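Contents: one structure, followed by commentary.
The values are calculated or read from the model by the stated rules, or taken from the named source; none is laboratory data. In this text the structure is predicted, and so the values were computed from the model without any measurement. No Cβ is skipped: glycine too gets one built from the backbone with ideal geometry, and neighbour counts run over all protein chains shown. Ligands, DNA and RNA are excluded from the accessible area calculation, which covers all protein heavy atoms including side chains. Shrake-Rupley method; radii C 1.70, N 1.55, O 1.52, S 1.80 Å.
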Amino acid sequence: MSTSGILIASNVTSTKNPWQLNTLEYNVIGIFHIVTGLIVFFMQTGFAFLEAGSVRSKNTTNILIKNVVDMLIGAISYWAVGYAFAFGDGNTFIGTKYFLLINLPGPGYSFWWCNYVYAATAASIVSGAVAERIKFTSYLVYSAVITSFIYPIASHWAWDPHGWLMIGVPGASYQDFSGSSLIHGVGGMCALIGALFLGPRLGRFDKNGNPKNLPGHTVPFVALGGFILAFGLITFNVSSYFRVNGSLDAPKIALIGINSILAGSGGAIVALFTKRLHPKLSNHWSLLTCINGLITGIASVCASCNSIYPWAALLIGAIAGLTFMVWSWAILKFRIDDPLDAISVHLNAGIWGMIAQSLFNFKTGLFYRHMDKTSWLQFGWNMLGLLAILTWTSATSGLMFLILKKTGYLRVSEEIEIKGLDVPIHGEPAYPRISYGSGWGIESDVEMDTSVLMLLPSDNEDNEARVVKSQN
Amino acid sequence: MSTSGILIASNVTSTKNPWQLNTLEYNVIGIFHIVTGLIVFFMQTGFAFLEAGSVRSKNTTNILIKNVVDMLIGAISYWAVGYAFAFGDGNTFIGTKYFLLINLPGPGYSFWWCNYVYAATAASIVSGAVAERIKFTSYLVYSAVITSFIYPIASHWAWDPHGWLMIGVPGASYQDFSGSSLIHGVGGMCALIGALFLGPRLGRFDKNGNPKNLPGHTVPFVALGGFILAFGLITFNVSSYFRVNGSLDAPKIALIGINSILAGSGGAIVALFTKRLHPKLSNHWSLLTCINGLITGIASVCASCNSIYPWAALLIGAIAGLTFMVWSWAILKFRIDDPLDAISVHLNAGIWGMIAQSLFNFKTGLFYRHMDKTSWLQFGWNMLGLLAILTWTSATSGLMFLILKKTGYLRVSEEIEIKGLDVPIHGEPAYPRISYGSGWGIESDVEMDTSVLMLLPSDNEDNEARVVKSQN
Amino acid sequence: MSTSGILIASNVTSTKNPWQLNTLEYNVIGIFHIVTGLIVFFMQTGFAFLEAGSVRSKNTTNILIKNVVDMLIGAISYWAVGYAFAFGDGNTFIGTKYFLLINLPGPGYSFWWCNYVYAATAASIVSGAVAERIKFTSYLVYSAVITSFIYPIASHWAWDPHGWLMIGVPGASYQDFSGSSLIHGVGGMCALIGALFLGPRLGRFDKNGNPKNLPGHTVPFVALGGFILAFGLITFNVSSYFRVNGSLDAPKIALIGINSILAGSGGAIVALFTKRLHPKLSNHWSLLTCINGLITGIASVCASCNSIYPWAALLIGAIAGLTFMVWSWAILKFRIDDPLDAISVHLNAGIWGMIAQSLFNFKTGLFYRHMDKTSWLQFGWNMLGLLAILTWTSATSGLMFLILKKTGYLRVSEEIEIKGLDVPIHGEPAYPRISYGSGWGIESDVEMDTSVLMLLPSDNEDNEARVVKSQN
């Protein structure tokens, strides 16, 4: 950055209105998308830590590297083909221009940034459900497929003017403002399919099919993830707004934020009290349940946060908190192992979010206009679209996981699953014991034995012998 | 988000100046408030981790859930009544419109968002002082009361045009730009009252009243909290600016940032060197002291950061660092147990911040105009307002804590305090030993015994027996 | 913040175009710099945690306090003299105005904020290379020198209109958009000089000069740092843009973001696969390598991210990931101990970034115009400038480290290095054992013995005896 830039900025500005003003408006909205998009990018950290805290210490490095890599693979694949499939004009099914962003018009650039982070979010959601047992290479493949193909095509349908769901029928087009179904629904459905193909972790269910808890190793990491996700998801909703030239634009953007935090609050508090007060549950004030309720609440108003009253947001979130508890219970009943409850959070929020949009939208919601045919048409189109999106997602991700399973690339060996993935696959235990000494303030620990066996690989033959040959 | 939005944004813009320009100005300031307000929202993470690192491991989940829940309860109560009491016109004492945000005019929405996060901040400050011994239900009540009633009314007095402190007297009105007294003072005073009613933690003072250190369990979490709080508090001050149509607006916003970091630097470095060099202190370079000095410094220029020179900011912060050391010493002398030093940071910053505003404000500061009657009047009004705010806060929060104490809802039992709150109340130990295995890279740990006792509740009868029945 | 401000904002706006519009443009760019600058400020947290996770537990508090203090010392010294040396007009070598920001014109304020965080970044880079053995006082001195003198003068040369590198020769001026050479190069070169003067940590190389791994103590902290750095570095590049009055400004800002994430992706993935597939390496999917590749990739497009195509960004990053592996290997061959690989990341990125700018810049890049004399001239001037900057940095920092070494202030004693710096120097073990109790959920731990030896100093005579008298 140089001062000369600043000088240019103050001197060069000419007075040729109105183009200058239109240009500024256009730049303001672009900057708004870039800055909020950057914050949404940071949300990847939230997923990473929510998940790192929720797995056992032996799989910590594994879950972290997955979350790092999916945002990077996502960037490359969404740049190469994903954006083109999603927003490259084309037909009602798929876009066909702007591969590698070639010939992309100006406004597309900040639009790309926001949509890339949305794609990465959809991919990240899955990592929780398949944690502690999926192979790393399998994860690389799946990240690329979801960000380059599965999610882009679903978003083409609903968010591109050429998409069949957006075109809709006279009187109705698909209404999912910031992705209850398109991001949380798609991610949650992939998570369900992945968890089904993988099967449960060793020891998750006993012989009679009763679940045993395999608690995560660090509650503070879960909380860190939860805080960052709340910050990121609210910003996510806010970032989906796209105008600044109307006198109600700033209030509408703020309303999105208000609705998001109220929905999150409703979800968290209902889940918290349900867990505490339900006679069959544990009678505890559970932080983990509270955080899941918070995320479910925010995710469930993605579809509607720009077009509902605050009281409706609170109500939608509260119901989402309740449905989360039910989903979470049902998933276990079906003996599906989802270490992060990602299905109960995101798929649930995707489905309920689209229903809620149809009910509480302040223009067409059935709650206000249950006698109005158009409102029923809108409801029907939303449900059809939701069904189409979830069917598309489960078919494509099912095929992908099937191929990975048949070729033996899906799941790690039992030996590695028991040892944990960090040492055999990644060579990096999360907390190498050799590195803990007088950090504990204990006198007897402080004399470091420099001849002791090092735990990280690459320079230590002895260590290599102890490490299962990387198979993944 | 759909591309059609982008298309609309570039096509629809008309040329009907000057309304279009005024609209854009208005939207720019709204967006500015929303984006900075979102970052201030993230500051909750900072409080959570500053506190989590500063308590013992057995109370980690407890302190984290408190920090999650207060921002959620705060959202609901500030939406329902808090904003109405604060900014709903009304009389000089209290606002009376906009309950549930009904009939709220456009500009109020982004204003609500910023003020909600300020309210949540005031509430969060208290959680440090009452840590490791307050009941969870008691905390729920107090969060709701402070964000719906105590803080809103104080802010009505000083920040609403109808409030008596803002109306002031001819020649003076209350000057607290971004809340030295209104946020840090109110939060710090509640913290003091709460700590007094609760009494010290078991083992904090010996029979002779000499303090024993009960160090927090993870210094890195304290540092994480400190970094996020510095980021959040500077943004907090910046977010309080409200104009973009003057040629000095951007420089003034930047000046607020500059003054904030310089004050923080002054506070941190003076506290750091005092601890290191004072002959009666421990001769160490203390990170924890440094972080507290940093927060105190920034908080003490909240009142004045828009109207002082940078050198004055550095000086105000430096003095704040010194007064922090004195307060911290005095609080212990009075045998008050404040696990986070929240009182010495925030109440101190609130009081000193208002004095400093009166001294160094570049328009009316006594340092520049100590012969000027108006400056003395301004000083007097600031002190009167400060006294009124602190009296209001201590009276109302005192009543609240008194009721909680008399009804037995205030403090956990000795048994639970000794065991720690995480397992009995929340059922979630922060670091369940069962979940640590080969994450440590130790061969002997890697064979997971799936029959081993699980530590999380709900699916394990044996575990339930070990856990004190939740009483809170 | 008061409502009256909002009222003013909507009422006062007049219609005197075009000044009003120019003012708004100017304020928008100012706000953009402040908000992105605040996010870049948050990047300090990233450095702190990348480093905290990469050292042994006994030096955790030490590395954290260094990262806190350098941003604070940086603020004071960049305010007092650094900005004046960098951007205070003056001659071709050094600026001479605006000490203490006196008489600074309006646009300078938001410009100061961004440049301060850049200076702090340059200083932070060094802390990794000198970790676990440098004295704290020595670190204070070095932070002040780099932010007040070494970095400001280099940036005056290249980024101030009076600087000799920016003035350049007819047809060429130095092109480093957001600091590949000026920030990463300067920081990385200081890191190299510091590591050379300090020598390796005890036990890093055996008698034959073969390296032994001294792994960091917490992989999740490294990952946290990596995520925050990615967020911060992309924002860093974005924040260097300085115009909003052209119709391509928003797309250009977004392009900077796109190029940054693609370069990071290229670097991370190439480093990841090289480590995994190279026959002489460990055959693991390494998270730490991946994160270093990510940072190297982003840093290497700082110079060019505003003027290259996305495919070039990906390629530049990919090559940076490869050169990182080579540098990392070479540094060890030369028996230089750099605990964070800071040299291989930042100095490497600085050098390669300037070469890449000369090759792929879409106006003058040699890749497109290898027959064009002006392009060769530009390449030559870039290389000359890079050489000058690195020479300046190594000479000045070499002198500084030499003085520190000769006066005995550079390195801690062997005794302290073995014990770790946290307890003797800072009195604050990162994880005091006394504070871990039933957080682990273990019954036998829960009875807290309040008479047990406290580990924190200041109130405990017994403890003091165990602690090496602070020497630093």
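Across the copies of the chain, C:Phe334 has label points (7 Å from Cα along Cα→Cβ) spaced 5.9, 5.9 nm apart, shortest distance listed first.
Just the accessible area per residue of the protein assembly as shown, please: how many Å² with a 1.4 Å probe? Present the calculation step by step, with values, prior to reporting the outcome.
On the way: 41600 Å² over 1416 residues.
Per residue, the protein assembly as shown has an accessible area of 29 Å².
In chain A, helical runs assigned H by DSSP with n ≥ 4 each contribute -39500 (n - 2.57); averaged across all residues and rounded to the nearest 500, the mean residue ellipticity at 222 nm is -19500 deg cm²/dmol. In plain terms, the chain from C:Ile167 to C:Asn210 could stretch by 10.7 nm, reckoned as 0.36 nm per residue minus the Cα-Cα distance. For the pair C:Phe93 and A:Leu377, label points projected 7 Å from Cα toward Cβ lie 7.9 nm apart. Any chance you could check the Cα centroid distance between segment B:269-292 and segment C:172-204 for me, in angstrom? After rounding, the separation between the Cα centres reads 31 Å.
In chain B, taking the dipole from charged Cβ atoms about the Cα centre, the farthest positive-side position among B:Thr235, B:Ala430, B:Thr393 is held by B:Thr393.
Placing +1 at every Lys and Arg Cβ and -1 at every Asp and Glu Cβ, with all other atoms neutral, what dipole size does the protein assembly as shown have around its Cα centre, in debye to the nearest 20? Intermediate results must be reported in sequence, preceding the final value.
Details: 84 positive and 78 negative charges, 255 e Å.
Dipole of the protein assembly as shown, to the nearest 20 debye: 1220 debye.
Separation of the alpha carbons by more than 31 angstrom is noted, of A:Lys97/C:Lys363; B:Lys58/C:Lys275; A:Lys58/A:Lys207, for B:Lys58/C:Lys275. If you plug the beta carbon distance of B:Ile102 and A:Trp19 into 1/(1 + (r/R0)^6) with R0 = 45 Å, you get a FRET efficiency near 0.65. Amide H contacts under 5 Å for B:Arg411: B:Lys135, restricted to partners 5 or more places along the chain or on a different chain, H placed in the peptide plane at 1.01 Å from N. Chain B contacts chain C over a buried accessible area of about 8000 Å², both sides summed; the probe is 1.4 Å and only protein chains count. Could you work out how far helix A:348-360 tilts from the main Cα principal axis of chain A, as a 0 to 90 degree angle to the nearest 10? With rounding to tens, the tilt is 20 degrees. Label point of C:Val169 (7 Å along Cα→beta-carbon): distances to the other copies' equivalent points are 7.3, 7.3 nm, sorted ascending.
Could you sort B:293-301, C:25-33 so that the peptide with the highest average Cβ count within 10 Å comes first and the rest follow in order?
On the way: B:293-301: 34.1, C:25-33: 25.6.
Highest to lowest by the protection proxy: B:293-301, C:25-33.
Could you work out how far the C-alpha centroid of segment C:60-101 sits from that of segment B:91-153, in angstrom? That distance is 39 Å. Projecting the Cα atoms of C:Thr96, C:Gln357, C:Val55 onto the dipole axis of segment C:18-406, where Lys and Arg carry +1 and Asp and Glu carry -1 at the beta carbon, places C:Val55 farthest toward the positive end. Remark: label point of A:Leu277 defined 7 Å out from Cα along the Cα-Cβ vector; separations to the same position in other copies 5.8, 5.8 nm, ascending. The long axis of helix A:60-77 is offset from the longest Cα principal axis of chain A by roughly 40 degrees.
For segment B:17-45 versus segment C:373-415, the inter-centroid distance based on Cα atoms is 43 Å.
The packing ranking, built from the mean of other Cβ atoms within 10 Å per residue, places the peptides C:95-101, B:239-245 in the order B:239-245, C:95-101, highest first. When nucleic acids and ligands are ignored and a 1.4 Å probe is applied, C:Ile389 ends up with an accessible area of around 0 Å². Give me the percent of accessible area attributable to carbon and sulfur for the protein assembly as shown, probe 1.4 angstrom. Its accessible area is 65 percent carbon and sulfur atoms.
Interface residues of segment B:216-237, defined as those losing at least 30 Å² of solvent-accessible heavy-atom surface relative to the isolated chain (probe radius 1.4 Å), are listed as B:His217, B:Val219, B:Pro220, B:Phe221, B:Leu224, B:Phe227, B:Phe231, B:Ile234.
Label-to-label distance for A:Phe362 and C:Leu399 is 6.6 nm, based on points extended 7 Å past Cα in the beta-carbon direction. What is the helix-to-structure angle for B:19-54, meaning the angle in degrees between its Cα long axis and the longest Cα principal axis of chain B, kept from 0 to 90 and rounded to the nearest 10? With rounding to tens, the tilt is 30 degrees.
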